[in-house]
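Just so it is clear, none of the values below were taken in a lab; they were calculated from the coordinates. The shown structure was predicted, so the numbers you read here are calculated from the model rather than taken from an experiment. Backbone-built Cβ (ideal geometry, glycine too); neighbour counts: all protein chains shown.
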Amino acid sequence: MVDGNIITELGDTIIKQKMGYDMVVYKTINLINGKIYIGQDSKNNPKYLGSGVLIKKAIIKYGKENFRKEILEFCNTHKELSNQETYWINKLNAIKYGNW
């Protein structure tokens, strides 16, 4: 399903990548405790879940299979990528509620 730039299905991700939208803002969700991590990936690597210290520790603790990555938005420039990462962190209260 596509709503503006928000993509929720892997099929749409593949279509958008072919159209030149390689940079993404994503949300990684811990399926055990519901914690979320918002990040950016300039290469849109589907296997990349995040590089922060806390998320790396969580992946070791809970196992990679207990995390899901969702694309929140595709971006065209590095500036847009950074701006939109901040936007999504604020919108989803990723810091306020103790989510990594």
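For segment 56-66, a tally of residues being buried (at least 18 other Cβ atoms within 10 Å of the Cβ) and more than 18 Å from Ala94 (Cβ to Cβ) returns 0. Sub-7 Å Cβ pairs linking a first residue in segment 67-82 that is exposed (fewer than 14 other Cβ atoms within 10 Å of the Cβ) to a second residue that is of a type in the set (Gly, Ala, Ser), at least 6 apart or interchain, are His78/Ser42, ordered by first then second residue. Listed conditions (1) surrounded by fewer than 19 Cβ atoms within 10 Å (Cβ to Cβ); (2) touching a Ser or Thr at 6+ places or on another chain (Cβ under 9 Å); (3) not small (Gly, Ala, Ser) are all met by Val53, apart from (2). The set of residues from segment 51-66 being without any contact (Cβ under 8 Å) to a residue 40 or more places away in the chain and not basic (Lys, Arg) comprises Ser51, Val53, Ile59, Ile60, Tyr62, Gly63, Glu65, Asn66.
Condition check ((1) closer than 17 Å to Asn93 by Cβ; (2) under 12 Å from the mean Cα position of the chain (by Cα)) across all residues:
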residue	(1), (2)
Ile29	yes, yes
Tyr48	no, yes
Ser51	no, yes
Leu54	yes, no
Lys69	no, yes
